[in-house]
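Notes follow once the structure below has been shown.
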Amino acid sequence: MSGIEITENQQIMNEFGRPLQFGWAKEPFFEYNLPLVSSTLRTRVTEADRYIVFTQTHIIVFEIMDGGYIGHIGISLFSIKDHSYYSRSLDSFFSMGSFGMPRNIKTGSVKIREKHLAMDFVAMESGARIIKVDFPRFSPNRHLRGQLVLLKPFPDIQSIAAVSPWRRDKKAFRYACCSPWYITEGVLQYGSTEIFFTRDKAWGIHEWKREIRHRWDIRYWASACGIADGRLAGFNIGYDSADSSNGTENAFFLDGRVHKLDQVTFHIPPSNWLDPWMFTSNDNRLEMTFMPFQEQKEYRRLVFHSVKCRQVCGSFSGRVILDDGRSIAFWNITGFAERMKTRF
């Protein structure tokens, strides 16, 4: 297995704010210290939290992103039953830390209070996370409001974290940590529809990202979780323009334990993204099929900043070889895949 595994707490940056440590870890051992970043680089800092929660009937994506020059708050709701979706976002200029994004993945909260939206991401001492939302005009004639609790299924559960540099920019790095294993409980009211999240029938994925970004990036990402043969299974896979030679963020999770994967390739059908996809790994440990049922295309442009994103929801089936050499199969795990192009 290629890469550098980090097994204890490490500072990402030195005293001058330059990237110091690269690699991957099964815990969020990397310590992100924003005050070390020089004032000339503050406008290149991106801090983002994203949650993907799903039941047997709906998939919902919550996102808060502070990109220095630009701030983004977005919610997308996909209906599995009728293959429809609705998405709303609020963008603002010069967010520059005004969202108060936490520096530590394990502690802190984000509270957004806009004219037509209130949304909270809360990290509890127990490891649980709470999402609160009140969006009176989420879609025409429909509000979205409610509260969800994301629970840890095991006390000593693992995540996958990776810090990667950019090849042509020694000042830039990306720190991402993903936890695709939360049990989700709660209720969301969408107009007259109540969306129930109940134990063993609803799941959640948390992605936490902090970076000094490059001027452009193309990122492929996919994640899912659910029950496979009576056991909790999930994965996080992806790649982008950063240098992942020190360690990828690719991993399969079984009962909360990380089984590290190397490079994973997305085989996307060129003519129609709703056709089946294939995923393979260079270490021959993962073969997977993705059956999409709904696609969302999003394009945002504000002066010098642009985002082109294609998001697809569906189910994943395949086979993976665990770290101990055992092979297991999984079927119809609900998840999410996307390609995002950003330019600043």
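Computed quantities for the displayed model
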| read-out | value |
| --- | --- |
| Residue selected from region 174-228 under the condition out of contact with any helix residue (DSSP H, G or I) (no Cβ under 9 Å at 6 or more places or on another chain) and among the acidic types (Asp, Glu), by the criterion farthest from Pro35 (Cα to Cα) | Glu194 |
| Test for Ser95: is it within 30 Å of Gln189 (Cα to Cα), in a loop (DSSP other than H, G, I, E, B) and not aliphatic (A, V, I, L, M) | yes |
| Only one of Glu194, Glu185, Glu211 that is touching a residue at least 60 places away in the same chain (Cβ under 8 Å) and acidic (Asp, Glu) | Glu211 |
| Region 152-189 - residue that is hydroxyl-bearing (Ser, Thr, Tyr), in a strand (DSSP E or B) and out of contact with any His (no Cβ under 7 Å at 6 or more places or on another chain) and, of those, farthest from Ala251 (Cα to Cα) | Thr184 |
| Those residues of region 285-312 which are more than 24 Å from Gly67 (Cα to Cα), in a strand (DSSP E or B) and out of contact with any Pro (no Cβ under 7 Å at 6 or more places or on another chain), in sequence order | Leu286, Glu287, Met288, Pro292, Phe293, Gln294, Glu295 |
| Counted residues, region 18-54 - those being within 13 Å of Arg103 (Cα to Cα), modelled with pLDDT of 90 or more and outside any loop (DSSP other than H, G, I, E, B) | 7 |
| Enumeration of residues in region 68-92 that are part of a loop (DSSP other than H, G, I, E, B) and either at pLDDT below 90 or surrounded by fewer than 16 Cβ atoms within 10 Å (Cβ to Cβ) (or both) | Gly68, Tyr69, Lys81, Asp82, His83 |
| Glu63 surrounded by fewer than 20 Cβ atoms within 10 Å (Cβ to Cβ), within 28 Å of Val133 (Cα to Cα) and either of a type in the set (Val, Ile, Thr) or touching a Gly at 6+ places or on another chain (Cβ under 9 Å) (or both) | yes |
| All positions within region 249-301 that are of a type in the set (S, T, N, Q), on the phi < 0 side of the Ramachandran plot and modelled with pLDDT of 95 or more | Asn250, Gln263, Thr265, Asn272, Thr280, Ser281, Asn282, Thr289 |
| Scope region 322-344; condition without any contact (Cβ under 8 Å) to a residue 60 or more places away in the chain and assigned to a strand (DSSP E or B); matching residues | Ser327 |
| Given (1) in a strand (DSSP E or B); (2) surrounded by fewer than 16 Cβ atoms within 10 Å (Cβ to Cβ); (3) in contact with a helix residue (DSSP H, G or I) (Cβ under 9 Å, 6 or more places away or on another chain), index of the condition Arg103 fails | (1) |
| Within region 39-58, tally of residues that are of a type outside the set (A, V, I, L, M) and under 18 Å from the mean Cα position of the chain (by Cα) | 8 |
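The values are calculated or read from the model by the stated rules, or taken from the named source; none is laboratory data. These figures come from a predicted structure and were not determined experimentally. With ideal geometry, Cβ positions are generated from the backbone for all residues, glycine too; neighbour counts draw on all protein chains shown.
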